[in-house]
Amino acid sequence: MLQSTWEGQPELPLTTVFGILANRGVGWGSSDKELVDALVEMGSEHPGLLTPDAATTAVVTSENPGATVTFNEGQVVVRPRGGQGPRGHAHGKGQGHRKGRRLEETMPSVWEFESARPVGPGWPLVVTDRDHFDHRLGVAKLITVFEPEAVPAGLERLDIGDAQWLVLFQDGTRGLLGRTVRLWTMDRRSVNRNVVAWEKIVECVAGSDMVVAPRGGGPDMNLGEVERVIHLNP
């Protein structure tokens, strides 16, 4: 059981694994059942082997090339890391926007998948789309399984932690909601990117406008009508 749990996070020293168990209340006086239950819980959060399907909600961190890949109810969202992909420029006016510098982040891609090969740390991540094309998305480093959640109304920036959502707008704009809101808008020959610094998410649900309270004060900002929201990582 310990080995199978460790296979989900092979880069962790064994002493760190024991430290995680201790933080979950497992110590020298714990019963075998308590130890096994804690190991099962750790293994379910970071499995050593996963075959993604339409019911899977998980994020896979991969390398060579580096990417963060989220599976969520039959959809795949791919976010390249390390500045790969087309470049965008920050632009736009108004309170809460950052502008005037070159930005390297790539617009996330999203598509429906047909199937995926079994994957675990050290295994190649290969996903087949609905057109039966295989996407090779690097070598998996860590898998995190989570329960998807909607964006909480009234969410404040200090409470978001590491959670992120992809927001797809009716006009084709894509937004990445995290500690900031990063927006990508397609032009004919380029991708324009805005960064909105927010203090509170007033509303962000499909079928309504996304409204945020900007950091530093001022009137609420309407970012456009939301088509879909996808939880990317907890």
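Would you confirm whether or not the stretch 151-160 contains a residue that is closer than 16 Å to VAL77 by Cβ, among the β-branched types (Val, Ile, Thr) and at pLDDT 95 or above?
Yes, the stretch 151-160 contains at least one residue that is closer than 16 Å to VAL77 by Cβ, among the β-branched types (Val, Ile, Thr) and at pLDDT 95 or above.
Looking only at residues in the stretch 1-50 that are among the acidic types (Asp, Glu) and within 15 Å of GLY122 (Cβ to Cβ), which one is modelled with the lowest pLDDT?
Within the stretch 1-50, the match that is modelled with the lowest pLDDT is GLU7.
Which ones in the stretch 64-84 are in a loop (DSSP other than H, G, I, E, B), within 30 Å of THR15 (Cβ to Cβ) and of a type in the set (S, T, N, Q)?
If the condition is that a residue be in a loop (DSSP other than H, G, I, E, B), within 30 Å of THR15 (Cβ to Cβ) and of a type in the set (S, T, N, Q), then ASN64 is the only one that fits.
Which pairs turn up if I take residues in the stretch 1-22 that are more than 18 Å from GLU34 (Cα to Cα) and look for partners that are at pLDDT 80 or above with beta carbon separation below 6 Å, at least 6 apart in sequence or on another chain?
If the second residue must be at pLDDT 80 or above, the pairs left are GLU7/GLY48; GLY8/HIS46; GLY8/PRO47; GLY8/GLY48; GLN9/HIS46; PRO10/PRO121.
Among the listed residues LEU183, LEU168, identify the single one that is under 23 Å from PRO148 (Cβ atoms), in contact with a strand residue (DSSP E or B) (Cβ under 6 Å, 6 or more places away or on another chain), among the hydrophobic types (A, V, I, L, M, F, W, C) and surrounded by 22 or more Cβ atoms within 10 Å (Cβ to Cβ).
LEU183
Among the residues of the stretch 139-191, write down those that are charged (D, E, K, R) and closer than 25 Å to GLY43 by Cα.
Residues satisfying the conditions are LYS141, GLU147, GLU149, ASP162.
Can you pull out every residue in the stretch 202-230 that is of a type in the set (Val, Ile, Thr) and either without any contact (Cβ under 8 Å) to a residue 40 or more places away in the chain or closer than 15 Å to PHE169 by Cβ (or both)?
VAL205, VAL211, VAL212, VAL226, VAL229, ILE230, listed by residue number.
What is the residue count in the stretch 123-134 for residues that are surrounded by 12 or more Cβ atoms within 10 Å (Cβ to Cβ) and touching a residue at least 12 places away in the same chain (Cβ under 8 Å)?
Here the count works out to 6.
Could you list all residues from the stretch 16-40 that are surrounded by 12 or more Cβ atoms within 10 Å (Cβ to Cβ) and in contact with a helix residue (DSSP H, G or I) (Cβ under 9 Å, 6 or more places away or on another chain)?
VAL17, ILE20, LEU21, ARG24, VAL26, SER30, LEU35, ALA38, LEU39, VAL40
Which of the residues belonging to the stretch 57-74 are under 17 Å from ARG130 (Cβ atoms) and at pLDDT below 95?
GLU73, GLY74
Give the residue that is nearest to VAL151 (Cα to Cα), with candidates limited to residues of the stretch 208-234 that are of a type in the set (Gly, Ala, Ser) and touching a strand residue (DSSP E or B) at 6+ places or on another chain (Cβ under 7 Å).
Here the answer is SER208.
The values are calculated or read from the model by the stated rules, or taken from the named source; none is laboratory data. Everything quoted here is computed from the prediction, not taken from an experiment. Don't worry about glycine lacking a Cβ; one is built from the backbone with ideal geometry, like all the others, and counts go over all protein chains shown.
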